[in-house]
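Notes for the one structure printed next.
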Amino acid sequence: MNAIERIVAYHQRTKHHPRRYAAGPGYMDWENQPDPFRRFSDSSSIDLPLAADQLKTLYADLDHSESITPQPMDLQGVASLFELALAISAWKSYMGERWAVRCNPSSGNLHPTEGYLISPDGVGPGAGIWHYEGEFHRLELRGEVAEPAWSDAFPPEQFCIALSTIHGRESWKYGERAFRYCQLNLGHAAMAFRVAAAALGWRATLTDGLGDDDLIRLLGLEPWPLPLPPEQERPGLLLTLSSNAADTPLSEPLEEALRNRSESIVWRGQASRLTTEPLREWTAIRHAHEAAIKPALPLQTSTPPESPHPLACASRLRAADLIRQRRSAVRYDNRSSIPMPTFFRILDALIPRPGVSPWDLFTDTTRIHPLLMVHRVQGVTPGLYVLIRNPAVLDDLKQALRPDFLWKSVQEAPDHLPLYRLSVGDEHDFARMVSCNQDIAADGAFSLGMLAEFDSSLTGGAWIYRRLHEEAGAVGQILYLEAEAAGYQGTGIGCFFDDLFHTRLGIEALRFQTLYHFTIGTGIADNRLETAPPFAHLSR
Ligand SMILES: Cc1cc2nc3c(=O)[nH]c(=O)nc-3n(C[C@H](O)[C@H](O)[C@H](O)COP(=O)(O)O)c2cc1C
């Protein structure tokens with residue numbers, strides 16, 4: 001089988017079905033749960049200041065992020081970036097158990113994503129490769145670089161963030177399906193960085209010029225060949241950050257320079273072990289990983305069509321507060337409805353606009369389209385709807401879905417919002433059932449599945465399987481924040497019966513596949529849990 005056939009085989013075998021879930025461990029080996037925090041021993045580290053509280057930017061200001069005055073890219077600025085993207089946002093406890101939750105969500109709260117700062121002199125703690133250690137909110141010097149050649153590679157007011165992922169943290173609980181979850185988590189984290197950067201007056205863009213091999217060298221990860229122990233970090237994403245004031249938003253020369261200079265990095269520190277016993281290796285994940293190795297790519301510049309300015313955001317919260325209060329609801333009230341303008345605003349926030357935050361995170365084409373199961377939105381008839389995030393897909397989607405779907409533009413929606421009603425009816429039972437019988441999908445105001453343009457996208461390379469999940473994760477991240485901004489809550493749903501959803505929609509082949517589900521509504525707080533502030537355990 002070629003790489004595309006192998007990744008499609010992985011996708012097919014890791015579908016959940018009502019009577020047959022994807023292969024998993026079948027039990028929770030609590031004794032050997034992976035540590036969600038990695039540390040590098042014997043490396044010097046810098047405690048990051050707790051700086052995000054001082055950021056005055058409102059969440060609503062992010063709609064005009066290009067006009068936000070850039071913060072300096074000093075230690076305070078970089079500390080705020082990590083605090084709002086990856087840091088602990090609260091400690092929860094119940095019956096003697098205590099666990100951290102963070103600004104970025106993660107399937108099972110297992111946090112497979114690790115973050116790195118790749119900086120020149122004058123940015124954050126200075127030149128080097130720095131690992132973000134989340135438990136104590138500090139940067140560990142992982143790679144020492146040869147100056148001044150290293151810093152000379154960076155255009156003014158630019159640096160990079162790299163993300164890696166640890167399959168074993170997720171497969172410990174989810175087995176074979178975990179490779180998908182790792183990519184969704186990467187998308188969430190990348191979008192968390194994009195939004196945090198916007199609050200600081202900076203831009204952040206995925207930079208595909210470096211392939212997996214380059215990223216392995218740049219981060220000092222274990223090289224191929226596979227198999228590698230599942231607790232090893234694997235390359236994820238590279239983001240270039242630049243200040244709104246800089247006029248070189250994306251630079252291929254930086255990527256080339258980083259590639260050339262990675263040979264001279266001197267590695268410091270030993271990665272901590274995450275478990276006492278070796279984690280089980282899932283062969284299907286190894287095969288997916290091998291098939292979906294990402295090559296270095298030329299700069300892509302796919303520009304979405306123009307769209308009017310985003311609909312008004314009702315939130316008066318500061319971005320830093322909203323980001324840190326974001327939580328997944330574990331129950332919804334199955335009663336409250338949300339107003340129509342709120343619904344339209346949430347959907348409008350998913351529409352990419354040329355050069356505008358947050359969807360300027362991606363430079364490749366938009367391929368994820370939410371298929372909504374609307375339960376309780378005032379003035380919107382319950383039923384199935386679809387939001388087309390890239391108009392070029394409309395005809396294909398019409399052909400792929402059931403011929404009796406209505407495809408009626410929603411009259412009440414603003415003209416520019418490509419929202420179509422497909423059918424009218426009560427979708428509570430279907431939403432619950434398709435989400436592995438989870439009530440959250442029925443008890444919110446609406447839930448959705450994210451349809452990806454699937455087989456046509458993969459013709460560009462098996463690695464695009466990862467990108468599709470990353471885009472879906474990024475959509476999930478904006479849904480979480482938009483729900484919070486409107487006074488509601490969201491929950492990502494990784495457990496769903498793939499083909500049950502496809503069958504209901506009439507999807508027979510692999511032209512479209514659902515990759516991630518989500519629900520939004522009025523959450524019910526779990527009052528049994530105690531909540532403590534995020535950094536009470538730090539001395540600073
Ligand atoms: C990719 C992904 C899949 C998830 N799947 C589910 C799910 O199927 N059911 C659920 O109740 N929560 C799900 N969640 C929510 C996580 O359980 C939640 O993010 C985690 O417990 C951390 O809590 P927080 O989001 O409040 O920080 C998912 C989250 C992510 C990012």
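The values are calculated or read from the model by the stated rules, or taken from the named source; none is laboratory data. These numbers were taken from a predicted model, which means no experiment stands behind them. With ideal geometry, Cβ positions are generated from the backbone for all residues, glycine too; neighbour counts draw on all protein chains shown.
Observations on the structure shown:
- Among the residues of the range 302-317, some residue qualifies, meaning at least one is touching an Asp or Glu at 6+ places or on another chain (Cβ under 7 Å), of a type in the set (Gly, Ala, Ser) and at pLDDT below 95.
- All helices (runs of 4 or more DSSP H) inside the range 405-500 with 3 or more residues being closer than 30 Å to Ala60 by Cβ: 440-443, 464-485
- Yes/no for Trp267 being at pLDDT 95 or above and either away from the ligand (no atom under 16 Å from the Cβ) or hydroxyl-bearing (Ser, Thr, Tyr) (or both): yes
Residue by residue, here is whether (1) in contact with a Phe, Trp or Tyr (Cβ under 8 Å, 6 or more places away or on another chain); (2) away from the ligand (no atom under 16 Å from the Cβ); (3) in contact (Cβ under 8 Å) with a residue 60 or more places away in the chain; (4) on the phi < 0 side of the Ramachandran plot holds:
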{"position": "Leu110", "(1), (2), (3), (4)": "yes, no, yes, yes"}
{"position": "Thr113", "(1), (2), (3), (4)": "no, no, yes, yes"}
{"position": "Ser119", "(1), (2), (3), (4)": "yes, yes, no, yes"}
{"position": "Gly134", "(1), (2), (3), (4)": "yes, no, yes, yes"}
{"position": "Glu147", "(1), (2), (3), (4)": "no, yes, no, yes"}
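- Any hit, the range 184-191, residues being within 16 Å of the ligand (Cβ to nearest atom) and either at pLDDT below 95 or of a type in the set (Lys, Arg) (or both): no
Residue-wise test of (1) away from the ligand (no atom under 15 Å from the Cβ); (2) under 22 Å from the mean Cα position of the chain (by Cα); (3) aliphatic (A, V, I, L, M); (4) at pLDDT 95 or above.
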position: Ala474; (1), (2), (3), (4): no, yes, yes, yes
position: Glu482; (1), (2), (3), (4): no, yes, no, yes
position: Ala486; (1), (2), (3), (4): yes, yes, yes, yes
position: Gly494; (1), (2), (3), (4): no, yes, no, yes
position: Thr503; (1), (2), (3), (4): yes, no, no, yes
position: Leu510; (1), (2), (3), (4): yes, no, yes, yes
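- For the range 95-106, the criterion of being within 22 Å of the chain's Cα centre (by Cα), outside the structural domain of Ile493 (by TED's automatic domain parsing), more than 16 Å from the ligand (Cβ to nearest atom) and modelled with pLDDT of 95 or more is met by none of the residues.
- Restricting Leu237, Leu228, Leu241 to those that are assigned by TED's automatic domain parsing to the domain that holds Tyr116, surrounded by fewer than 19 Cβ atoms within 10 Å (Cβ to Cβ) and not in a helix (DSSP H, G or I) reduces the list to Leu228.
- Of all residues in the range 151-183 being closer than 30 Å to Ala245 by Cα and among the hydroxyl-bearing types (Ser, Thr, Tyr), the one that is nearest to the ligand (Cβ to nearest atom): Ser164
- Within the option set Arg286, Arg259, being surrounded by 15 or more Cβ atoms within 10 Å (Cβ to Cβ), part of a helix (DSSP H, G or I) and more than 24 Å from the chain's Cα centre (by Cα) holds for one residue only, Arg259.
- Within the range 459-470, residues that are within 14 Å of Ala190 (Cβ to Cβ) reach partners that are in a helix (DSSP H, G or I) and hydrophobic (A, V, I, L, M, F, W, C) with beta carbons closer than 8 Å, at six or more positions or on different chains, in the pairs Arg466/Leu186; His469/Leu184; His469/Leu186; Glu470/Leu184; Glu470/Leu186; Glu470/Ala190.
Every residue, every condition in (1) touching a strand residue (DSSP E or B) at 6+ places or on another chain (Cβ under 7 Å); (2) acidic (Asp, Glu); (3) under 23 Å from Leu515 (Cα atoms); (4) within 16 Å of the ligand (Cβ to nearest atom), yes or no:
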residue: Asp396; (1), (2), (3), (4): no, yes, yes, no
residue: Ala400; (1), (2), (3), (4): yes, no, yes, no
residue: Pro403; (1), (2), (3), (4): no, no, yes, no
residue: Val410; (1), (2), (3), (4): yes, no, no, no
residue: Pro414; (1), (2), (3), (4): no, no, no, no
residue: Gly425; (1), (2), (3), (4): yes, no, no, no
residue: Ala431; (1), (2), (3), (4): yes, no, yes, yes
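- With respect to the conditions (1) in contact with an Asp or Glu (Cβ under 8 Å, 6 or more places away or on another chain); (2) closer than 30 Å to Tyr59 by Cβ, Ile285 falls short on a single one, namely (2).
- Number of residues in the range 30-62 that are closer than 21 Å to Arg324 by Cβ and either among the hydroxyl-bearing types (Ser, Thr, Tyr) or crowded, with 18+ Cβ neighbours inside 10 Å (or both) equals 10.
- Per-region count, the range 1-39, residues small (Gly, Ala, Ser), under 25 Å from the mean Cα position of the chain (by Cα) and over 12 Å from Arg177 (Cβ atoms): 2
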